[in-house]
Amino acid sequence: MLTRRLIVCLDVKGGRVVKGVQFEGLRDVGDPVALARRYEQEGADEVTFLDISASAEERGTLWELVQRTAERLFIPLTVGGGVRTVDDVGRALRAGADKVSINSAAVANPALLTACAERFGAQCVVASIDAKREDGRWRVYTHGGKRPTELDAVAWARECVARGAGEVLLTSIDRDGARSGYDLELTRAVADAVDVPVIASGGAGSAEHVRDGLTRGGADAALVAGILHDGVTTVGAIKSLLREGGLNIRSVT
């Protein structure tokens, strides 16, 4: 039976973990190294570190902070934000990342996904897609949700996988930080369209929402952030509910 994953997301800006609503109104919630270690101890399966302002500010990722975070973790670490080239991916992996999330740069140059997959393996390449519902479809946005594109999220997910992405990180901008649940229709549409793992992101307000993302949404993994940062629930409580629902979940150690 497929083991579902619970992934904790650390949105980082200025070296600190932040959280907002629909990518706006960011507030400081702590130190990324300390939070990553804490969530690993609580039983998170993976940590995702997203430098959310790197692309918008047209700068590189905070590599030294990535390295310090990776040095403290034994679970997989995905790094994203400001990754523009094959060399950037190599640098992230050398800094200790297990996987690299690519968003804006892949839209600008889709061949980047193929080049990275050929160099490092598809298992290292995560296509990150930020989507907003508009005119009956989901429009892809880049640069931290600030720049609209003409891409349809479902079609773009298919292309990303065809070009070599081994995983899709799918974030609903509409639901981000709202705690009203994942966009299950969007998640299911993408999960049904690709043959690689899909990570549901944006909107988790409870353990039940996580369960719904994995069952009704068809996701292979769920990304959570604010409800853990604010103490609404815990990694252990979420995993207990998922296990009670019959999902195959790694034990909390």
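Coordinate-derived values only; no laboratory data. Just so you know, these numbers come straight off a predicted model, no measurement behind them. When we count neighbours, we look across all protein chains shown, and the Cβ atoms used for this are built from the backbone with ideal geometry, even at glycine.
Here are the numbers for the structure shown:
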item: Relative contact order (percent, whole number), the chain, Cα cutoff 8 Å, 6+ residue spacing; result: 19 percent
item: Distance in nm between pseudo-label sites at residue 216 and residue 109 (7 Å out along the Cβ direction from Cα); result: 4.2 nm
item: Structure-based [θ]222 nm, the chain - -39500 (n - 2.57) summed over DSSP H runs of at least 4, per residue, nearest 500; result: -9500 deg cm²/dmol
item: Residue 29 long-range amide H proximity, modeled H, under 5 Å; result: 17, 18, 19
item: Other-chain or far-sequence residues with amide H under 5 Å of residue 247's (modelled H); result: none
item: Rounded FRET efficiency, nearest 0.05, which uses the C-beta distance separating residue 150 from residue 234 and R0 of 45 Å; result: 0.65
item: Rotationally averaged projected area of the chain (alpha carbon convex hull; nm²); result: 11.7 nm²
